[in-house]
Structure formats: structure tokens, C-alpha cells
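Working notes, beginning with the structure itself.
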Amino acid sequence: EATLDLAERRRIRSAIRELQRQELERDEETLASKRFRPERSSHRQDNKENWPQSQRLEEEQQAALAALSEQLEAITSVEELTKLLRAAGEYEERKLIRAAIRKLRAEEIEGEAPFPRSGVGALESLG
């Protein structure tokens, strides 16, 4: 049922705006209460105690990623890299493998190009 009365439409619009404003204020209050919630002191202590362990784990992960990067340099098949990508679980591993796939595909495209795309030598050979 369409409303033809302009005054009624205005009341409806103002009621909707008021409800939206109230909802926005509630959301802001919720965010403010979460943002400034004091951190528990025991939690801070746990972080201090676990810091050396987490640092050691991060160093081990970096070493493993460096080793993986060296292995990826030796692989010349996109299919092999795709299999590795599907088997990889960690985000950083998958990121390295995707980069290796992109690099191989770029090299394949450059190898298929009939003329060099840039460089002074390419222009001199044509002229």
C-alpha cells in the first residue's frame, strides 16, 4: 500500500534516521568499551614468558621458508609446483610456491615471444 501523504513519509523517514542514529551510537559505545578495555596483567606476563619461544619458532619458520625457496628454484615444471601448492598448508609456503609458478610462466612467455619486447638491440636489428 503506497503512502501518498507527504507528512507521513517525512515521519517515516525521520523515524528511520533516528533508529539508524541510535544503532550507530550503540555500535560506537561497544567499540569504545572494547578498545579501551584494560589488558589483564597475567596475560602480559604470559607474553613475556613466551616471547623467546615464539621468536625461536619464527626463526625456524624463516629457515624452512629459505630452504623451500631454494628447492623451488630447482623445479622447472609448473605441474610439479601446482602439486606442491595443493599439498602446502602454511600461508607463507603457498605464497612462495605461487610466486615460483608466476616466475616460471613469465619465463615461458618470454621464451615464446618472437622478438625481444624491449632493449636497444631489438631496434637496431630491425633498422
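The values are calculated or read from the model by the stated rules, or taken from the named source; none is laboratory data. Keep in mind the model is a prediction, meaning the values are calculated, not measured. Cβ: placed from backbone, ideal geometry, glycine included. Neighbour counts: every protein chain shown. Calculation scope for accessible area: heavy atoms of the full protein, side chains included, ligands and nucleic acids excluded. Shrake-Rupley method; radii C 1.70, N 1.55, O 1.52, S 1.80 Å.
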Per residue, what accessible area does the stretch 69-111 have, given a 1.4 Å probe and all protein chains present, in Å²? 75 Å²
Considering only LEU104, ALA74, LEU85, whose Cα is most displaced toward the positive end of the charge dipole of the stretch 69-111, charges sitting on Cβ of Lys, Arg (+1) and Asp, Glu (-1)? LEU85
Ignoring ligands, DNA and RNA, what percent of the accessible area of the stretch 69-111 is carbon or sulfur (1.4 Å)? 48 percent
